[in-house]
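Report on one structure; see the data block that follows.
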Amino acid sequence: MNYLWAFVVGGAICVVGQLLIDYTSLTPARILTGYVVSGVILSAVGLYKPLVDLAGAGASVPLLGFGHLLAQGVRQAVDMCGLPGIFTGGLTAAAGGIAASILFGLLAALIGKSKDQN
Amino acid sequence: MAIRRKDTVIFEKPPVIAAWAAAGGKKESEGPLAEGFDFLTRDAAFPDENCSNWEQAESRLQQKAAEACLRKADISRKELDLVLAGDLQAQCTASNYTMRSLQAPFAGIYGACSTMAETLCLAAALAAGGVVHQALAMTSSHFCAAERQFRTPLDYGAKRTPTAQWTATAAGACLLRNPGQAGVPVLSITFGRVQDYEVRDINNMGAAMMPAAVSTLLRYFAATGTQPADFDAIFTGDLGQVGSALLYEQMEREGIPLPNHRDCGCLLYDVQAQNVQAGGSGPGCSAAVLCTHILPALRSGQYRRVLFLATGALMSQTTFLQGESIPGIAHCVELAGEGTV
Amino acid sequence: MKLNPKEYARMVSRTSPPSPVVKDCLWAFFVGGGICLLGEGLRQVFLIWYDVTMAGTLTSIALIFLSAACTMAGWYQKLAAKAGAGTLVPITGFANSVVSPAIEFKAEGWVTGIGAKIFGIAGPVIAYGTAASAVWGVLYWLMGKVG
């Protein structure tokens, strides 16, 4: 059941992105930025946590989940150390994903080369 | 020597295109005009020739076209009086680096996708005036160099919209000579005026450039008293399927329908089968169609009189991000069948 | 010319072929859903050894690794040309937007090319995500003070 919800919720979040691409003039970079900010907002108002509980990776893998992670991190840090937590909480929670992207990016640059799209 | 009628310069004694050559990459070698190319490669990265980036690769492609053209004209590079060349890269570097090895007097020209017609117009005027005896008009574009400069990294995952056009990996070169020599005569030239109808969609260049094509055509027809039926074909450069459809509609509205119109962006590739969305684009696109199809047909007698109208979109990455609309331009070259003038 | 910009905008939108929305959405749904399904599978495996938070982080890292490998092989771009948002919206799309400029701008050097351009596309996501979370943090802190 977990798997089915992961597939359906994850797919549905992507469909919303596709509708934005096809029906608006938003560029992919703007859509990604919008998704992360929306994830922060949805998490802040308490709507995203139930979705993650239901769909697992279906809600945490799309970029909305990245926003949720940032928001949750800030909330926990503020709980622990007060106002300074707004500086440390978000990126601490998201550190794994960001560091992995940088490291694998550098590794790919070391080995890979730019390829023709033909 | 030449008569000026409004924006059109008519050569009483027309200069000629004595030789021409085209070079292309993989997609071009799979397209309907493949047989007309003088040089084709399956790997336009040129790894065997010490190219380490796409900018160098484009320059190498342009060199191939220049060398083939000189070979066909049976002259050495030392006999060139002038080379007019340009491309899409910032500061026209593909052409600059080509000229580093070609070592001939050189003037760099930027006209985006209209560069082939622009260099041809200038070289023809200089040859007609006797200022130069042998001048090369040349341009190129490379899909990968254009993509990384204007859009996104090549390995970035993005879906293309149906109105987007595919930048050709191609180069074309034409050798111009003085009136009276053997070759395809250039009867007249018309420099275009910049037209901007507030199109902002960078994925719909055909729409951005169409008004420029109409503007130049109307001025040309009015200045010369000609009409579309006087030509075997009217070629526009790079409007693609969307821009071409818009062109028909607008010319109908102006009362001058274009039944004999062909678009270079729709000729270079099999638009349905080759996954190029609305068609080809880039300076190399119209240059390649000129050198693989139009000029050979004018030499063989298949065509007796045509218009070659290359269109260019004159924005930059910076002006695009600043929200500016896309200005377009179209330059027109009137060509006659070899031996008909 | 018998044309004005307003008229032309209408003419252009009438003439330009629309995106095949149903087909696009089916691709986005199945590919995007598939990536999430793969993520859920990985998450369940990591949950055997780790707590929920760590398993989530490791799932992201594993997907980022797979995305980097596919990007390097040239497959991610090919899949994305069909899948659209299906490959854009998952964390694999974020990874692709970091890895692809790193590969592309190698020609301009390790510091001025790769280093400077690596966040050329993903930078805004981190910048505005962090900013939004900070705003939320201030509100949350204030709510704690008031409440």
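The values are calculated or read from the model by the stated rules, or taken from the named source; none is laboratory data. Everything quoted here is computed from the prediction, not taken from an experiment. Neighbour counts are summed over all protein chains in view; Cβ atoms, including those assigned to glycine, are modelled from backbone coordinates with ideal geometry. The accessibility values were calculated without ligands, DNA or RNA, using every heavy atom of the protein model including side chains. Shrake-Rupley method; radii C 1.70, N 1.55, O 1.52, S 1.80 Å.
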Hydrodynamic radius by Kirkwood for chain B, inverse mean 1/r across distinct Cα pairs, in Å, is 19.4 Å
Log entry, pair C-A: total buried accessible area, probe 1.4 Å, protein chains only, in Å² rounded to 100, is 5500 Å²
Highest first, please rank the peptides C:40-46, B:55-61 by the mean number of other Cβ atoms sitting within 10 Å of their residues. B:55-61, C:40-46
Using a 1.4 angstrom probe on heavy atoms only, work out the carbon and sulfur share of the accessible area of chain B in %. 48 percent
Within 10 Å of the Cβ of an average residue in B:39-51, the count of other chain Cβ atoms is 1
I'd like the mean, over residues of B:244-250, of how many other protein chain beta carbons sit within 10 Å of each residue's own Cβ. 3
Lysines whose Cα lies under 25 Å from that of C:LYS2, excluding same-chain neighbours fewer than 8 positions away: B:LYS6
What is the antiparallel percent of DSSP beta bridges lying wholly in the protein assembly as shown, to the nearest 5? 65 percent
Near C:LYS145, which lysines are there with a Cα under 21 Å away, not counting those fewer than 8 places off in the same chain? none
J(HN,Hα) series, region A:36-50, from Karplus relation 6.51 cos²θ - 1.76 cosθ + 1.60, nearest Hz, glycine and proline x: 5, 4, 4, x, 4, 5, 4, 5, 4, 7, x, 8, 7, 4, x
Would you list the membrane-span-like helices of chain C, meaning whole DSSP H runs whose alpha-carbon atoms span at least 30 Å along their axis and whose mean Kyte-Doolittle value is at least -1.0? C:21-47, C:52-73, C:123-146
Sort C:VAL22, B:VAL83 by heavy-atom solvent-accessible area, probe 1.4 angstrom, most to least. C:VAL22, B:VAL83
Expected vector for region B:167-180, Karplus 3J(HN,Hα) from phi with 6.51, -1.76, 1.60 and θ = phi - 60°, integer Hz, x for Gly and Pro, equals 5, 5, 9, 7, 9, x, 9, 10, 9, 9, 10, 5, x, x
Based on the alpha-carbon gyration tensor of chain A and its eigenvalue square roots a ≥ b ≥ c, which shape applies: rounded if a/c is under 1.5, prolate if not and a/b is larger than b/c, or oblate? oblate
Quick one: of the DSSP bridges fully inside region B:184-336, what percent are antiparallel, nearest 5? 65 percent
Which whole-number value in Å² is the accessible area per residue of the protein assembly as shown, probe 1.4 Å? 39 Å²
At 15 angstrom or more along the helix axis (alpha-carbon based) and mean Kyte-Doolittle of 1.0 or higher, what helices does chain B contain? Whole DSSP H runs only. B:115-128, B:205-224
Determine the shielding of peptide A:50-62 by partner chains: average, over its residues, the number of Cβ atoms on other chains within 10 angstrom of each Cβ. 6
Quick check: net charge around B:ILE3, other residues with Cβ under 14 Å of its Cβ, Lys/Arg +1 and Asp/Glu -1? +1
If one computes the Cα centroid of region B:222-273 and of region B:113-187, what distance in Å separates the two points? 19 Å
Counted charge near B:ALA145, where neighbours are those whose Cβ lies closer than 14 Å (Asp, Glu -1; Lys, Arg +1): -3
Within the set B:ALA233, B:ALA278, B:ALA117, GNM on chain B using Cα springs under 10 Å gives the largest fluctuation to B:ALA233
Evaluate the relative contact order of chain A (contact order divided by residue number), counting alpha-carbon pairs under 8 angstrom at least 6 apart; express in whole percent. 22 percent
At a Cα cut-off below 28 Å, give the lysines reachable from B:LYS26, other chains included and same-chain residues fewer than 8 away excluded. A:LYS113, A:LYS115, B:LYS64, B:LYS72, B:LYS159, C:LYS78, C:LYS82, C:LYS106
Would you be so kind as to identify which of B:ASN178, B:LEU290, B:GLY25 lies farthest towards the positive end of the dipole of chain B, taking Lys and Arg as +1 and Asp and Glu as -1 on Cβ and the Cα centre as origin? B:ASN178
For the protein assembly as shown, place one equal point scatterer on every Cα, skip the solvent, and apply the Debye formula. What is log10 of I(q)/I(0) at q = 0.12, 0.13 Å⁻¹? -1.09, -1.22
